[in-house]
Amino acid sequence: MKTKRYKIDVDCAVCADKMEQAAKHTPGVDEAVVNFMLLNMKVKFSDGADTQEVMNKVLENCHKVDEDCKIYF
C-alpha cells in the first residue's frame with residue numbers, strides 16, 4: 001500500500017472536511033486525511049492503484065464539494 005502527502009489549498013475547515021470525505025469515497029483510495037492547519041492531504045492508495053489516475057479523480061470529486069480547492073501533485 002502506497003501513501004503520499006499532497007499540499008492543498010482550501011479556504012476553511014468545513015471545506016477541508018468535505019474534501020476529506022470526497023477523497024475517501026474515491027475508488028483506489030483506502031484512506032484520506034486532510035489537515036487544514038498544515039494544508040495537506042495524506043492519501044493511502046489501494047494496492048495496484050495508479051496514483052496519478054486516482055489523484056485526478058480525487059481532485060474531480062473535491063471540486064464537486066468545493067470548486068475553489070486545489071491539490072498540488
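The values are calculated or read from the model by the stated rules, or taken from the named source; none is laboratory data. In this text the structure is predicted, and so the values were computed from the model without any measurement. Methodologically, a virtual Cβ is constructed for each residue, glycine included, from the backbone with ideal geometry; neighbour enumeration extends over all protein chains shown. Note: areas computed on protein heavy atoms with side chains; ligands, DNA, RNA excluded. Shrake-Rupley method; radii C 1.70, N 1.55, O 1.52, S 1.80 Å.
Would you please report the Å³ per residue occupied by the convex hull of the alpha carbon atoms in the chain? Walk me through the numbers on the way to the answer.
Working: hull volume 4.8 nm³, N = 73.
It is 65 Å³ per residue.
What is the helix-to-structure angle for 51-65, meaning the angle in degrees between its Cα long axis and the longest Cα principal axis of the chain, kept from 0 to 90 and rounded to the nearest 10?
Around 30 degrees separate the two axes.
Say we join alpha carbon atoms closer than 10 Å with springs in a Gaussian network model of the chain; which of Val33, Val43, Val14 then has the biggest fluctuation?
Val14
Can you tell me the length gained on complete extension of the stretch Asp9 to Lys57, counting 0.36 nm per residue apart and subtracting the Cα distance?
Working: separation 48, 0.36 × 48 = 17.28 nm, distance 1.69 nm.
So the chain would gain 15.6 nm between Asp9 and Lys57.
Compare His63, His25 by solvent-accessible area with a 1.4 Å probe and give them largest first, with all protein chains kept in place. Let's see the in-between values first.
Working: His63 75, His25 140 Å².
In descending accessible area the options line up as His25, His63.
How high is the relative contact order of the chain, given as a whole-number percent (alpha carbon pairs under 8 Å, six or more residues apart)? Write down the numbers at each step before the final one.
On the way: 122 pairs, mean separation 31.1, N = 73.
Relative contact order comes out at 43 percent.
Quick check: net charge around Ala13, other residues with Cβ under 13 Å of its Cβ, Lys/Arg +1 and Asp/Glu -1? Don't skip to the answer; put the middle values down first.
Numbers: positive: Lys18; negative: Asp11, Asp17, Glu20, Asp66.
Taking every Cβ under 13 Å from that of Ala13, the sum is -3.
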